[in-house]
Amino acid sequence: MDLRSAGSSELPQSGAGNAGVRQLQVSLGDRSYPIRIGTNLLGDEALWSTLLPSVASRKIALVTNDRVGPLYAKTLEQALSNLGCQISTIVLPDGEQHKTLEGFGKVIDGLMQARMERKSTLIALGGGVVGDMAGFAASCYQRGMPFIQVPTTLLAQVDSSVGGKTAVNHPLGKNMVGAFYQPQAVVIDLNTLSTLADQELSAGMAEVIKYGCIMDEAFFQWLETHVDGLMSRDPELLAQAVYRCCELKAKVVAMDERESGARALLNFGHTFGHAIGSAMGYGQWLHGEAVGCGMRIASELSCQLGLIDISTKRRIERLIAAAGLPTQAPNWPAKAYLSAMAHDKKAESGEIRYVLLQAMGQAFVRPVDDQAVSQALEASQGPIELQD
Ligand code: NAD
Ligand code: GLY
């Protein structure tokens, strides 16, 4: 599971500008699809006409939520309607607490009521919650209808919209009901990041930092240099970060679409993060916040096992903190974490497998005994060291 070769290409050069549309491809044979990254893409009729070539595909179900819809649906609807599309908009309630089988049912109801056909297109406009839930509905409706991801949070742009993992939560576990189902395209309009709350930007940065930790030391260093600019939403820096993350994710997905190997490394920090999320109740901590704190615990564990040195661990802790993410794990007994993690779907035959670092930019998966995990959890409940 060596991801270093997947992380070998250069960062887009500063000054490449975000005026032009950056293009990537997720290579999966006849299910390959493009990722387009740029500004003003929601209203870009020329782009949409290439993504919706047939008359059948221009019957559209636009799935969004009651927060994102009022901000962005109109621009997209206008562009689609200028192309002669027939659009039905399905508006879901906002929030992770609605990422349920009931929410999924609402999307299916909307598709039925609008008489969507098998070759119609579902467009998911929103963050990871809308993308995961609408994508899952697309995978099931008439045994699978085409869908396009239009992610509007940083987290969804750098991670959830790419790779075809779709799901809803079950009361006993996160993302427990879902399918691998690839979109036809991912359209990333960077302008949408301007309306994102600061806390949501931080949550997205957790997944950005993850890529540096597990597969790209140079990108990690670049993030250390530019974290303040990213947090103040410098558009060129955000464009570069989104591009690099999508490039890395596309490579991992092409190597291991169904997570039988390398893709599992993308779960760095997630096993601990999901335990925080499920024990707190969904929606108390944002997914990205829980992952950020989970990466601190995973780094602590890697350090205590002698896999990385203290200075590498501290670099990770400081970058997580500089991105505005929580670093102190909730003050629960280790056994509460262990029990929550045993429910997580990353447990295999009852054994929890942890994503650990063996150097900055290099990760691997292995089980760890509960005592070592408990020690790392306890150490992660204290403050981080800001000085070496
Ligand atoms: P989210 O979808 O809940 O969005 C966060 C908040 O921002 C919501 O209130 C949303 O309405 C709002 N919002 C979205 N875009 C906005 C914009 N442009 N301006 C203003 N507000 C906006 O959360 P998220 O962080 O995007 O995604 C988290 C979800 O993604 C979790 O359910 C997680 O499980 C899932 N996820 C999936 C994958 C995958 O591979 N499928 C990967 C990572 C995370
Ligand atoms: N976010 C983890 C994955 O897509 O595999």
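The values are calculated or read from the model by the stated rules, or taken from the named source; none is laboratory data. Everything numeric here is computed off the predicted structure, so don't read it as measured data. Cβ placement follows ideal geometry from the backbone for every residue including glycine, while neighbour counts extend to all protein chains displayed. Quick note on the areas: whole protein, heavy atoms, side chains included, nothing else; ligands and nucleic acids left out. Shrake-Rupley method; radii C 1.70, N 1.55, O 1.52, S 1.80 Å.
Structure summary
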| quantity | calculated |
| --- | --- |
| Theoretical FRET efficiency, 1/(1+(r/R0)^6), r = Cβ-Cβ of Ala254 and Arg366, R0 30 Å, to 0.05 | 0.75 |
| Of Leu172, Leu325, Leu41, the one that fluctuates the most in a GNM where the chain has Cα springs shorter than 10 Å | Leu172 |
| Mean projection area, nm², convex hull over Cα of the chain | 17.3 nm² |
| For the chain, size of Cβ-based charge dipole, Lys and Arg +1, Asp and Glu -1, in debye | 1060 debye |
| Candidates Val252, Val368, Val130, ranked by Gaussian network fluctuation over the chain, Cα under 10 Å, top entry | Val368 |
| Proximal lysines to Lys249, defined as alpha-carbon separation beneath 24 angstrom and excluding residues fewer than eight positions away on the same chain | Lys99, Lys165, Lys174, Lys210, Lys313, Lys345, Lys346 |
| By average C-beta atoms within 10 angstrom, highest first, the peptides 74-82, 294-302, 226-234 | 294-302, 74-82, 226-234 |
| Projected area, mean over directions - segment 347-388, Cα convex hull, nm² | 4.2 nm² |
| Extension gain, Glu378 back to Asp198 (0.36 nm per residue minus Cα-Cα distance, nm) | 61.9 nm |
| Counting DSSP beta bridges with both ends in the chain, the antiparallel % (nearest 5) | 45 percent |
| With every protein chain in place, segment 72-189: carbon and sulfur % of accessible area (1.4 Å) | 52 percent |
| Cut-off 15 Å between beta-carbons: net charge of the residues surrounding Asn82, Lys and Arg +1, Asp and Glu -1 | -1 |
| For peptides 310-316, 265-271, sequence by mean Cβ density within 10 Å, most packed first | 265-271, 310-316 |
| Rounded FRET efficiency, nearest 0.05, which uses the C-beta distance separating Met112 from Thr50 and R0 of 35 Å | 0.75 |
| Contact order relative to length of the chain, as percent, for alpha carbon pairs under 8 angstrom and 6 or more apart | 17 percent |
| Estimated FRET transfer efficiency when R0 is 45 angstrom, pair Lys119-Gln221 (beta carbons, to 0.05) | 0.45 |
| Accessible area of segment 243-319 belonging to carbon and sulfur atoms, whole % at 1.4 Å probe | 46 percent |
| Largest-first principal axis extents, alpha carbons of segment 269-388, Å | 37, 29, 23 |
| Straight-distance crosslink candidates among lysines, where the alpha carbon sits under 19 Å from Lys119 and sequence neighbours closer than 8 are dropped | Lys59 |
| Pairwise centroid distance, computed over Cα atoms, of segment 38-106 with segment 161-196, Å | 14 Å |
